[in-house]
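Q: One structure coming up, written as C-alpha cells, with questions to follow.
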Amino acid sequence: MAEELSGKPSSNWKFPNSAFIIYRTIDITKKNSLYEKKKKKKKRVGGFVLEAKSLLMNEQEQKLHDSETATASLHSSKEYLEKQMAKLENNLRQLLSQDPGIARQIMSMTVM
C-alpha cells in the first residue's frame, strides 16, 4: 500500500507489452451553486493513464476512417466546384462574345 501511495511500483511489477502510457484529458462540469443550475463551469483535467494497445489501435483506426471519409467528401466538393467554375467561365465567354459592348464596359472598369 505504501508503494501505491508513493507512486513507486513494487520491484515485481512489470510493464505489459500490450499497453502504453498516454496522456488523456477529460472535461469536468461543476455547478456554481444550487440555485444556478444553468450556469456550469467546465474544467479540463488531464493525467497519464495506462491504456491497452488494442484500444489505442481501435481509436487510431477510427480516426483514419474518419479522415478518409472527410477526404472523400472534400474531393467530391472540389470536383463539383471545379465543374461549376468551368460552366460559369463558359457562360461568361458566351455572353461576352454575343455582346461586345459588355466586354468593352468590363475592360473600361477600374479596380479600386
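The values are calculated or read from the model by the stated rules, or taken from the named source; none is laboratory data. Just so we're clear, the structure is a prediction, and the values are computed from it rather than from any experiment. Positions of Cβ are backbone-derived with ideal geometry, glycine not excepted, and every protein chain shown enters the neighbour counts. We work out accessible area using only protein heavy atoms, side chains counted, and drop any ligands, DNA or RNA first. Shrake-Rupley method; radii C 1.70, N 1.55, O 1.52, S 1.80 Å.
Q: Would you check which residues across the range 30-68 are polar (S, T, N, Q) and at pLDDT 70 or above and list them?
A: Start the filter on the range 30-68 by keeping residues that are polar (S, T, N, Q), which leaves 32-33, 54, 58, 60, 62, 67.
Of everything in the range 30-68, those that are polar (S, T, N, Q) and at pLDDT 70 or above turn out to be SER54, ASN58, GLN60, GLN62, SER67.
Q: Starting from the range 71-97, keep only residues that are within 27 Å of MET107 (Cβ to Cβ), then list their pairs with residues that are in a helix (DSSP H, G or I) whose Cβ atoms are within a distance under 6 Å, requiring at least 6 positions of separation or different chains.
A: Hits for this filter: LEU96/ALA103.
Q: Follow-up. Looking at ALA72, is it open to solvent by less than 70 Å² (accessible area, probe 1.4 Å) and modelled with pLDDT of 80 or more? Walk me through it before giving the result.
A: Details: open to solvent by less than 70 Å² (accessible area, probe 1.4 Å): yes; modelled with pLDDT of 80 or more: yes.
Taking the combined requirement at face value, the residue satisfies it.
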